[in-house]
Amino acid sequence: MQGLKWGDVQDIAVALADTHSTVDPRYVNFVELHRWIIALPEFADDPSRGGEKVLEAIQAAWIEEMD
């Protein structure tokens with residue numbers, strides 16, 4: 001695998017669920033969410049490309065992952 005990109009919404013959500021297993025994703029703000037995503041060891045994309053739309057999609061997928 002060449003690393004996670006912003007388009008890998010589901011894979012990022014799974015990685016966040018594993019890394020932050022005690023966190024309720026519904027209460028994570030986008031600034032913190034962005035910071036956590038770019039801190040993932042397998043993340044390999046331009047941090048500036050993580051806009052609100054993709055962060056919303058990742059957060060929604062993470063919430064689904066928790067259910």
Conditions (1) among the aliphatic types (A, V, I, L, M); (2) more than 8 Å from the chain's Cα centre (by Cα); (3) at pLDDT 95 or above -> LEU33 fails only (2)
From the option list GLU32, GLU52, GLU42, single residue qualifying as among the acidic types (Asp, Glu) and open to solvent by 80 Å² or more (accessible area, probe 1.4 Å) is GLU52
Those residues of segment 18-29 that are open to solvent by 90 Å² or more (accessible area, probe 1.4 Å) and either of a type in the set (Val, Ile, Thr) or in contact with a Gly (Cβ under 7 Å, 6 or more places away or on another chain) (or both) come to a total of 1
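The values are calculated or read from the model by the stated rules, or taken from the named source; none is laboratory data. None of the values given here were measured: they were computed from a predicted structure. All Cβ positions, glycine included, derive from the backbone under ideal geometry; neighbour counts span all protein chains shown. Just the protein is used for accessible areas: all its heavy atoms, side chains included, with ligands, DNA and RNA removed. Shrake-Rupley method; radii C 1.70, N 1.55, O 1.52, S 1.80 Å.
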